[in-house]
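Trainee: Dumping the structure here so I can ask a few things about it.
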Amino acid sequence: MAFSLLSNEFDNETGNEMSRFNLSLSAMACYPYPFFPMLDNNDPAKFLPFPEEVQHPKRVKRTASVADFNENNGSHFSGGSSSSSDSNSMMSRSKSVNSLPKLHFRDHIWAYSQRYHAAEAIEEAASDVIGTKEIRNEEDDSANEIRLVQLLISCAEAVACRDKTYALTLLSELRSNTLVFGSSFQRVASCFVQGLAERLSLLQTLGSIEIVEPVMNIMDVASDRKEEALSLVYEICPHIRFGHFVANSSILEAFEGESYVHVVDLGMTLGLPYGHQWRRLLQILATRAAKQPNQLRITSVGLCVERFRVIGDELEKYAKELGIDLEFTVVESNLENLRPEDIKIKDGEVLVVNSILQLHNVVKESRGALNYVLRIIHKLSPKVLVLVEQDSNHNGPFFLGRFMEALHYYSAIFDSLDAMLPKYDTRRTKIEQFYFAEEIKNIVSCEGPSRVERHERVDQWRRRMSRAGFQAAPIKMLAQAKQWIGNIKACDGYTVVEEKGCLVLGWKSRPIIAASCWKC
């Protein structure tokens, strides 16, 4: 080992403390002869033998030592006979040493070869030390995460049992172990800690949860920070763009050969600025070989009227530049109060309903609200209903069950953000704290009408849609969806699979977003 090589050099300064030195080759290159006696005046007596374990088996034969050289060849350099006096002999030997020939090229090769093998040994020893430390760090991180999971579950149980004293104790310990710029699980845990703290603060004397006025979507009351976070989610994460891609492909297929077409957009795709989904649809309509429709109408449904109108004005201007006749209208209503007469349909129009991450907001315990909305849509007789939703069960009847489901789901999302953005990127913090954290807090802390993030599995949606009179329209574009994932250069880990006619976007086999199509 390299420690034996360095013992004579560093015993007085370091002992076995290798970590105090930079043992990399780049650091060693700063010195002409690192870790070994310097060669002054090309004195061959300064070459020291190396341990056998660091010498190459095919090394150049070692140059003879000075002692051997003098013993075997002293008579040639003595300058006198063998019967000379001792003093003359010593003087002769001294002169012979000074008159030794300079080192040959093979001697330099041998010297550098020895230093190279010694450096290899040192690097190997250092890498062993570093590797051991990395393994220990990974083990420590794993143990910390297991401890964090245990604390979260225990705290959730305490909150569910309304044990405020124990819950507050656990929350205090959790806050000291969850970091906004920590590991992916530490970050997601910080969001769940916020939700648990809010739920605990909302517990009243009788153990009920405070009920607030329902909204259509948490983005309906969005601040500037939430709007910025939503834009970053659209730009960086493929979730919403995947829904737009599948929806537009299905809409274009429904519009094939039609002259008058109408899209009813529920929620106007979360109120994203610039109307990204519809800009892309207009681009495809303007460039494809098929005949353009004579008129395209878009009706947005939601509470953010002013925001929708700004988007509509921009879309109409953009459509005019592309030579497309676009008419944009807004219906100010949440989905639970929508009426069939609110949607103006012209004779001969082909209608498509578009719902991107919206219908889960009207899933309630009684199921009456969603059934009402689905009946309204069914009465409109759309050629196709495009449904894009989070593929996870965050609407179970028991708090602890949906808490655990949400913890698994958002852990996968935060893990994907780890792969896409650097550790201290502020964009990732904004996405996590002002977008996904809002969903997590709504799932964890709210009950009743105020809990609007009620995501369900694609199988549950399939049963709900069937009961409402809709029939599945299988999406046959798996190859195109995989190609799309490659085109947007999404990081490795994202997958697209087909599940009973639906397309599911996932992260490392964990479903994230599911897209499906339905017809009356």
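Trainee: Let a ≥ b ≥ c be the square roots of the eigenvalues of the Cα gyration tensor of the stretch 404-498; is it rounded (a/c under 1.5), or, if not, prolate (a/b larger than b/c) or oblate?
Mentor: oblate
Trainee: Given a 1.4 Å probe, how much area per residue of the stretch 373-461 is accessible, in Å²?
Mentor: Dividing the accessible area of the stretch 373-461 by its residue count gives 32 Å².
Trainee: Something else: Calculate log10 I(q)/I(0) of the stretch 277-329 for q = 0.26 Å⁻¹, where I(q) comes from the Debye formula with a single equal point scatterer on each Cα and nothing for solvent.
Mentor: -1.03
Trainee: While we're on this one: Which value, in Å to one decimal place, does the Kirkwood hydrodynamic radius take for the stretch 265-364 when every pair of different Cα atoms is included?
Mentor: Over the stretch 265-364, the inverse of the mean reciprocal pair distance is 14.3 Å.
Trainee: In square angstrom, what is the accessible area per residue of the stretch 223-345 with a 1.4 angstrom probe?
Mentor: In whole numbers, the stretch 223-345 has 43 Å² accessible per residue.
Trainee: Of I345, V363, T329, whose Cα points farthest to the positive end of the dipole of the stretch 325-364 (charges on the beta-carbon: +1 Lys, Arg; -1 Asp, Glu; origin at the Cα centre)?
Mentor: Result: V363, furthest along the dipole toward the positive end.
The values are calculated or read from the model by the stated rules, or taken from the named source; none is laboratory data. Note that the coordinates shown come from a computational prediction; the quantities given were computed from them, not determined experimentally. Don't worry about glycine lacking a Cβ; one is built from the backbone with ideal geometry, like all the others, and counts go over all protein chains shown. The protein model used for the area step is the full one, side chains on, heavy atoms only, and it has no ligands, DNA or RNA in it. Shrake-Rupley method; radii C 1.70, N 1.55, O 1.52, S 1.80 Å.
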